[in-house]
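The values are calculated or read from the model by the stated rules, or taken from the named source; none is laboratory data. The model shown is predicted, which means the values in this text are computed figures rather than measured ones. Here the Cβ is made from the backbone with ideal geometry for all residues, glycine too, and neighbour counts use every protein chain on show. For the accessible areas, the whole protein counts, side chains as well, though only heavy atoms, and no ligand, DNA or RNA atoms are used. Shrake-Rupley method; radii C 1.70, N 1.55, O 1.52, S 1.80 Å.
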Amino acid sequence: MKNISIKLKLLIIIFCSMALASFVVFGFSIKSIYNLSNEKIESYKIESYKNKEIELKNYVLLAKGIVDNYYLKKDKPDTNIEKLKRNALDAINKMRYTNNNYFWINDSNAKMIMHPIKPSLNGKDLSSTKDADGKALFIEIAKVANENPNGGIVDYKWPKPGQDKPAPKLSYVVKFQPWDWIIGTGTYVDEIENN
């Protein structure tokens, strides 16, 4: 009888040890899968942001190319520079791409030259305009464009068209030096993350 109880105790100990070992291995496996999944998600987000930055840069450079073309017409006889500027602004004002995204133009002093969604901003000094986090965004936009000849990224919060609540936004801005125009376009962070 003693042999049975010893064998039973031994079996119970072995079984419990195996069960515990299985739970520990299972726990580590779940944690490893969770960590790997988080790393993959984070890696995907970083890659998505990089791709979006490249896309925004290409769109802005396309818009800048249109302004360049208007600027090059200035050397023709009887050319009205102000008319060229108006035509360039009109062309950029009408441009749209994915999700009805648009372009705006401000100058180095944070004065809005053209904003197609909020034309009430046109001509206004926006140097004191701050986003929800207190960032003087048009000062930052001018700083990035002035310091980087090929343009650069600015992140801030701005209301989506038709909404009042600011949402995180990522924009690419580049300066057109001859007219002191800073051309920008952006996308909302949730649009990047949901793609």
Is it true that some residue in segment 169-183 is closer than 19 Å to Lys50 by Cβ and open to solvent by 10 Å² or more (accessible area, probe 1.4 Å)? yes
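For (1) modelled with pLDDT of 95 or more; (2) farther than 24 Å from Pro168 by Cβ; (3) of a type in the set (A, V, I, L, M); (4) open to solvent by 90 Å² or more (accessible area, probe 1.4 Å), each residue gets a yes or a no:
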{"site": "Ala63", "(1), (2), (3), (4)": "yes, no, yes, no"}
{"site": "Asn80", "(1), (2), (3), (4)": "no, yes, no, no"}
{"site": "Asn101", "(1), (2), (3), (4)": "no, no, no, no"}
{"site": "Asp107", "(1), (2), (3), (4)": "yes, yes, no, no"}
Of all the residues that make up segment 135-154, how many are within 8 Å of Val173 (Cβ to Cβ) and assigned to a helix (DSSP H, G or I)? 3
Taking Lys130 as the residue in question, decide whether it is within 24 Å of Tyr188 (Cα to Cα) and either part of a loop (DSSP other than H, G, I, E, B) or open to solvent by 60 Å² or more (accessible area, probe 1.4 Å) (or both). yes
So, first residue within 21 Å of Glu191 (Cβ to Cβ) in segment 138-160, second residue open to solvent by 50 Å² or more (accessible area, probe 1.4 Å) and assigned to a helix (DSSP H, G or I), Cβ within less than 8 Å, six or more apart or across chains; the pairs are Gly151/Lys57; Gly151/Leu61; Ile153/Glu53; Val154/Glu140; Tyr156/Glu140
